[in-house]
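Right, one structure below, let's go through it.
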Amino acid sequence: MTLESHGLTTDSGDVLVTGANGGVGGFAIALLACGGYSVVASTGRPAEADYLRRLGATTIIDRTELSEPGRPLGKERWAAAIDSVGSHTLANACAGTKAGGAVAACGNAQGMDLPATVAPFILRGVRLLGINSVTQPHDKRVAAWNRLAAELDLDLLPAMSREVGLSEALSVADDLLDGRVRGRIVVDVNR
């Protein structure tokens with residue numbers, strides 16, 4: 001919604017989604033694809049390419065293209081990005097964003113640092129948009145939930161989420177930290 005409020009349309013070009021196999025990434029891909037956007041999914045698990053395509057990704061790239069130190073300004077590759085990774089990945093997402101594009105930063109899985117230069121912001125007018133989902137006003141939350149309810153393909157939910165009992169939470173946490181979890185984990189505290 002923030003990217004759209006800053007001018008992103010389906011005609012703008014590709015949208016990069018980093019952390020594509022995670023919960024934020026999977027939902028971002030599905031929502032963008034349902035809205036008619038062309039999605040580039042960045043993943044460290046190429047074996048999950050079929051899953052990402054099922055969610056709606058049109059292009060899959062290996063996260064190593066973005067996760068290492070990069071150039072201050074790269075080739076213009078996408079009109080916008082949704083980044084849940086941070087650090088070098090966020091810096092490279094900005095460096096590869098087209099002139100006038102925007103990057104929504106909503107996570108820090110790789111790190112909270114931003115090892116970048118001002119080049120994308122000054123030379124291309126790229127906007128870095130911080131996404132804070134914790135303290136949003138009630139009306140914005142309702143708008144977001146209404147869009148989720150109306151636009152998300154509910155048939156994708158079983159592939160994007162898994163429910164576990166509270167007794168399984170610790171072992172699943174280890175898998176999550178080791179990057180072996182796809183999508184969202186819902187913990188049923190009654191099991």
_Accessible-area value, T59, 1.4 Å probe, nucleic acids and ligands omitted, Å²_ = 60
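Order M1, M160, most accessible first, counting only protein heavy atoms with a 1.4 angstrom probe.
Most to least solvent-accessible, the answer reads M1, M160.
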_Relative compactness, segment 80-191, computed as alpha-carbon Rg over 2.2 N^0.38 Å_ = 1.32
_Accessible area (Å², 1.4 Å probe, nearest 10) - I131_ = 70
*About the Cα centre of segment 68-131, how large is the charge dipole given +1 on each Lys and Arg Cβ and -1 on each Asp and Glu Cβ? Please answer in debye to the nearest 20.*
260
*asked:* Please report the carbon-and-sulfur percent of the accessible area for the chain; probe 1.4 Å, protein heavy atoms only, DNA, RNA and ligands left out.
replied: 55
*asked:* Given Cβ point charges of +1 (Lys, Arg) and -1 (Asp, Glu) and nothing else, what value in debye, to the nearest 20, does the dipole of segment 16-170 about its Cα centre take?
replied: 480
*Can you work out the accessible area per residue across segment 65-188, with the rest of the protein chains kept in place, probe 1.4 Å, in square angstrom?*
59
*Accessible heavy-atom area order of T2, T135, T43, highest first, probe of 1.4 Å*: T135, T2, T43
*Sort segment 19-73 into rounded, prolate or oblate with this rule: let a ≥ b ≥ c be the square roots of the eigenvalues of the Cα gyration tensor; rounded if a/c is under 1.5, and if a/c is not under 1.5, prolate when a/b is larger than b/c, oblate otherwise.*
prolate
*Keeping every protein chain in place, order L123, L114, L66 by accessible area at 1.4 Å, biggest value first, i.e. largest first.*
L123, L114, L66
*Take the chain, connect every pair of alpha-carbon atoms lying under 10 Å apart with a spring to form a Gaussian network, then pick out the residue of G35, G26, G101 with the largest mean-square fluctuation.*
G35
*Rg(Cα) of segment 1-139 divided by 2.2 N^0.38 Å?*
0.96
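The values are calculated or read from the model by the stated rules, or taken from the named source; none is laboratory data. Just so you know, these numbers come straight off a predicted model, no measurement behind them. Glycine also receives a Cβ, built like all others from the backbone with ideal geometry; neighbour counts cover every protein chain displayed. Calculation scope for accessible area: heavy atoms of the full protein, side chains included, ligands and nucleic acids excluded. Shrake-Rupley method; radii C 1.70, N 1.55, O 1.52, S 1.80 Å.
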